[in-house]
Structures are given as C-alpha cells and as structure tokens.
1. Any chance you could look up the accessible area of ILE126 with a 1.4 Å probe, heavy atoms only, rounded to 10 Å²?
2. How many Å³ per residue does the convex hull of the Cα positions in the stretch 1-50 occupy?
3. Straight-line reach only, C-alpha to C-alpha below 12 angstrom: list the aspartates and glutamates that LYS342 could link to, leaving out same-chain residues fewer than 8 apart.
4. Residue by residue through the stretch 268-277, what is 3J(HN,Hα) from phi via Karplus (6.51 cos²θ - 1.76 cosθ + 1.60, θ = phi - 60°)? Round to whole Hz and write x for glycine and proline.
5. Tell me, what % of the accessible area of the chain is carbon and sulfur with a 1.4 angstrom probe?
6. Tell me what the chain gives for mean residue ellipticity at 222 nm when only DSSP H runs of n ≥ 4 count, each as -39,500 (n - 2.57), the sum divided by the residue total, rounded to 500 deg cm²/dmol.
7. Restricted to Cα positions, what overall size does the stretch 209-316 have along the principal axes? Three whole-Å values, descending.
8. With an 8 Å cut-off on Cα pairs and a minimum separation of 6 or more residues, tell me the relative contact order of the chain in percent.
Amino acid sequence: MTYQTAFNQQDFMANYWQQRPCLLKQGMLDFVDPLSPEELAGLAMEADIQSRLVTCHERQWEAHLGPFEDFALLGESHSSLLVQGVDHWHSEVAKLAAAFQFIPNWRFDDVMISYSTVKGGVGPHIDQYCVFIIQGQGKRHWRVGQKQILKEFASHDKLKHCEDFVAEIDVVLEAGDVLYIPPGCPHEGYAIEPSMNYSVGFRAPNAKDLVTGFADYLLQHETSSQRFADPQRQETNEFGRVAENDTLALNKLMQSLINSPQASAHFLGEYLSDSSHSSDIVVLSGSDQELAMSDLRQLMEQGAELKRTAGIKALYLDVLPYELFVDGQSYAVPNCSWALAKNMCDSSALDTHSLRAFNEDEHQLDWLLELLNAGYWYFDEQ
C-alpha cells in the first residue's frame, strides 16, 4: 500500500511547521493500519527494538522497559505499549514514513507506534521535536497547548510530565486524522477505546549535541589542528591574569576548527546520517552470499527494483559533491555516477533503467556494490 497525505503541504510548511500545533482532519488519505496490535507486541519482544509499557492506576504512574516476555501489565484499561523505530523493522510502516518526504530526511527520526487500552496514555508532557500523530484504529482524546511556561517533574524515574496547561486543541481523533505538534508544546492523549497511534517524529539537534559530536569526530579522525602561539608576548607582573587578548585568541583557535568547511561538513554528513535505532540489515560482506560485480550486472539485466533497506538514512551535502553518507559512514562516488547516487538518497526505490547507462563500464558502480554488500540497499526480485 502507498500512504499519502491529504493536506496542502505548501500551506502547512508556511503556516504551521515549527510555529503552532494544528489538527489535519483526515490528513491521511484512506488510512489503513500498516500493522496489528499483535504484530506490535511481537516487535516489543525483540531485544534490538526499544519498547516501553506505561500504566497509570489510581494516579500511580509506572513505566517498564522492554523487551517483554509477556504482556500481563497491558490490562484492559489505563495502559499503553510504545515501540520506537518501527519503520526500521516493518516495510509497511516505512511506507507510512515515506508520506512525509516533503521534509528533508536529515530531520526525520523514526516512527513510534503505540497501542493503548481504554484510558491508556503516557500523561501530559512536552517534547523537543516535531511530531505528526496519526490516528489508526480506535479513537483517542487529545489536548494540545501553545508554548507556555510550565513546571516539569518526574512522575516515575522513566517518565517526565508537566503541570496542567491551557489547551488550544481539544479533539477526539478518528482513523486517518493527523495531529501536528511542534517542539515545546504541551500535550496529552488518552484512548477512548483500544487505539493505535503512529508518531512520525522529526529531530532537531541542539548546539551542545553538535559540539560534543564534532569533538568526538575530531578525536576519531585525528584531524590536525593549530596550536596556540604567542611570540610577541610581553613580560607581566600579574601572574594569575588571563588577558582579554589571550581569551580572544583562544576563542579564535577553537572557532578555527568549527569553521573548517571540509571537517565540519564531513562531520555533519556522518552525524546526520547516523541513526539512534537499530535496523533489520542483512550484511552480505564476508558471507557466501557476497555479491560480485558479475552478480550486480545480472541483477541489473533482470530488471529487479533497487530498494533502500528500511530505516537506513542516506544523505548528500551540497558542499561535498561526490560523497555519499549512509548510516554514519562516507562513500566516495565517481562524478559519472553522482546523479544515480543522489537519486538513491531521494527515493526509497529505483527501477533498473537508472542503472543501464553503466552497462558499458560497470566499475563505475564499485561504490554501489559496496553498499549492497553492506546491506544498505538490495534488489527486490519479486
């Protein structure tokens, strides 16, 4: 199935994105749940997949982390099962995420899915990322407020809540409805009947994370850096003083690393293409199924569709032509193959017409063979 949004994307980006929450009534066209509650529970039993089970009985909140061997805690009411990164493990959920490709992939995080029994929810809280909440089966009552100053507190060591807030949106969602919530807006939702909700989340790195990540990148890549020097220094009798010009010089020294176009761009490519969620990758390298160039050519001739593995983030930067960033790694791409590489990042699937131009010089696709053997792309022969 192909999932499509039913709202004006241009109007949404101009008037709502990162500005204010909104209800997009029947925002998904002919929405059908991509998986069942039983399938979601099956994923929550896997050790590689992040999951939580949240309950609230007699105003006592509890949260339990998966994987789960059974679901005794998921009672007939006041409970929710939440599973992160489902798009990395379920192809139909990955198709749901593809409906939001009008926002750049580097901003996309994952699809979190929750199943809630009657009155189940996770409590009033504030997130620091954008999210589209799609209602699947069942109905859910939502309240959402504009940004406002609120106290936040821990109701449980794994749950952070906020105090009561003034709601701008107070609505019951039905299948196909979409609720958009920007960062910093308080919200809470409770199931009226057993419900499935799909949260398509978009991350926003903060400055501290970027600086920390860049520092780690510099250490790992052993990037050379300039050392402080002061050949014209005058003698002093203020032994403990750090002069203003010294402070400025040291700041300039630090900024010279951050302002290095090559190093900072390469770091961003690796950092933004990396994912915090595991994926269902089948690595062929080193196995008896490893592909050779002759195998690649045969697959091209058979007309098999080239698909990106669900959950894999593939990016390219305008300032770094001929370099592809996939799952936190960089790959050099020949000039002649660059258009193909960009298409592979922009689309989750390509037909082999895009590859036939390389039949005469197949070694222009050495980089593609490496990505195939790494499990990041595959040929769907069905």
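1. 30
2. 141
3. Here the aspartates and glutamates satisfying the reach criterion relative to LYS342 are ASP318, GLU323.
4. Running phi through 6.51 cos²θ - 1.76 cosθ + 1.60 with θ = phi - 60° gives 4, x, 5, 5, 6, 8, 6, 10, 8, 10 Hz.
5. Here it works out to 49 percent.
6. -7000 deg cm²/dmol
7. Projected onto its principal axes, the Cα set of the stretch 209-316 covers 80, 27, 24 Å.
8. It rounds to 16 percent for the chain.
The values are calculated or read from the model by the stated rules, or taken from the named source; none is laboratory data. The model shown is predicted, which means the values in this text are computed figures rather than measured ones. Counting neighbours? That spans all protein chains shown, and the Cβs are built from the backbone with ideal geometry, glycine included. These area figures cover heavy atoms from the full protein model, side chains too; ligands, DNA and RNA do not enter into them. Shrake-Rupley method; radii C 1.70, N 1.55, O 1.52, S 1.80 Å.
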